[in-house]
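**Q** First the structure, which I've put down as structure tokens, then a few questions once you've had a look.
The values are calculated or read from the model by the stated rules, or taken from the named source; none is laboratory data. Everything numeric in this text was worked out from a predicted model, so none of it was measured. Quick reminder, even Gly has a Cβ in these numbers, built from the backbone with ideal geometry, and neighbours come from all protein chains shown.
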């Protein structure tokens with residue numbers, strides 16, 4: 001029994017933590033996305049966008065990205081890490097591996113996150129229908145500019161994979177490595193879009209915000225499922 005001077009520590013239920021904290025983070029990310037989208041629609045970010053894009057171009061020659069030809073080629077390779085083809089291949093391999101490990105629920109989580117993120121990105125691109133930058137890039141593009149699909153989907157895929165790898169069996173060092181690696185891949189894919197001149201900075205930032213919010217939402221839903229499943233398994237079976 002605790003004395004009046006030493007009250008019992010307040011214990012917050014784990015289920016409440018999994019609901020409240022991710023929900024708050026998702027809300028913050030989406031609010032920032034909404035504010036950014038509003039500024040983009042009104043055209044208030046265009047001057048900023050163009051000034052940042054010109055930093056990646058040869059002064060006086062906006063059609064030419066800075067750096068030698070091999071840098072351009074390397075950036076094209078990097079930007080492919082956020083392409084639909086590569087992300088689809090990576091997602092397929094991860095889902096198949098999870099199924100082989102008999103982790104069916106995790107495979108469904110991975111697939112749902114990626115498919116859902118793709119749908120959201122496509123719908124928003126059609127909704128905003130922002131034209132691409134008028135700079136000549138070195139990559140072909142086929143869709144609208146806002147939000148960046150490469151930034152959105154790379155955030156969804158790589159952060160989700162990072163979250164799966166940083167599961168309960170991983171050490172603290174491993175978790176940090178997986179999440180930092182996932183964030184780094186997402187970051188360099190977004191920067192590559194700016195270098196190639198196929199996206200405005202606000203397109204990429206919006207993609208990061210949107211993709212991170214969706215990945216976090218899917219992760220928190222998965223954690224709640226695992227928590228509820230564990231509780232159900234602990235309940236005594238009734239005869």
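**Q** Does residue 86 satisfy the criteria of being free of Cβ contacts under 8 Å to residues at least 40 places away in the same chain and in contact with a helix residue (DSSP H, G or I) (Cβ under 6 Å, 6 or more places away or on another chain)?
**A** yes
**Q** If residue 96 passes every condition in (1) in a helix (DSSP H, G or I); (2) over 24 Å from the mean Cα position of the chain (by Cα); (3) more than 22 Å from residue 131 (Cα to Cα) but one, which one does it miss?
**A** (2)
**Q** Among the listed residues 163, 172, which satisfies the condition of being surrounded by fewer than 16 Cβ atoms within 10 Å (Cβ to Cβ) and either farther than 21 Å from residue 98 by Cα or in contact with a helix residue (DSSP H, G or I) (Cβ under 8 Å, 6 or more places away or on another chain) (or both)?
**A** The unique qualifying residue is 172.
**Q** Can you pull out every residue in region 1-38 that is surrounded by 13 or more Cβ atoms within 10 Å (Cβ to Cβ) and modelled with pLDDT of 80 or more?
**A** Passing the criteria: 23, 25, 26, 29, 30, 32, 33, 36, 37.
**Q** Being touching a strand residue (DSSP E or B) at 6+ places or on another chain (Cβ under 9 Å), within 22 Å of residue 188 (Cβ to Cβ) and at pLDDT 90 or above narrows it down to one of 84, 75, so name that one.
**A** So the residue among 84, 75 that is touching a strand residue (DSSP E or B) at 6+ places or on another chain (Cβ under 9 Å), within 22 Å of residue 188 (Cβ to Cβ) and at pLDDT 90 or above is 75.
**Q** How many residues, within region 162-191, are farther than 20 Å from residue 114 by Cβ and either part of a helix (DSSP H, G or I) or touching a residue at least 12 places away in the same chain (Cβ under 8 Å) (or both)?
**A** Qualifying residue count for the region: 8.
**Q** Also, quick follow-up: State yes or no: is residue 41 at pLDDT 90 or above, out of contact with any strand residue (DSSP E or B) (no Cβ under 7 Å at 6 or more places or on another chain) and part of a helix (DSSP H, G or I)?
**A** So residue 41 passes the test.
**Q** Looking at (1) surrounded by fewer than 21 Cβ atoms within 10 Å (Cβ to Cβ); (2) touching a helix residue (DSSP H, G or I) at 6+ places or on another chain (Cβ under 9 Å); (3) outside any helix (DSSP H, G or I); (4) in contact (Cβ under 8 Å) with a residue 24 or more places away in the chain, which one does residue 105 not meet, given that it meets all the others?
**A** Residue 105 satisfies all of (1) surrounded by fewer than 21 Cβ atoms within 10 Å (Cβ to Cβ); (2) touching a helix residue (DSSP H, G or I) at 6+ places or on another chain (Cβ under 9 Å); (3) outside any helix (DSSP H, G or I); (4) in contact (Cβ under 8 Å) with a residue 24 or more places away in the chain except (3).
**Q** List every residue pair whose Cβ atoms lie under 9 Å apart, where the two residues are 6 or more positions apart in sequence or sit on different chains, the first residue falls within region 113-137 and is at positive phi, and the second residue, located anywhere, is surrounded by 15 or more Cβ atoms within 10 Å (Cβ to Cβ) and modelled with pLDDT of 90 or more.
**A** 129/146
**Q** Restricting attention to region 60-81, which residues are within 29 Å of the chain's Cα centre (by Cα) and assigned to a strand (DSSP E or B)?
**A** Scanning region 60-81 gives a single hit, 65.
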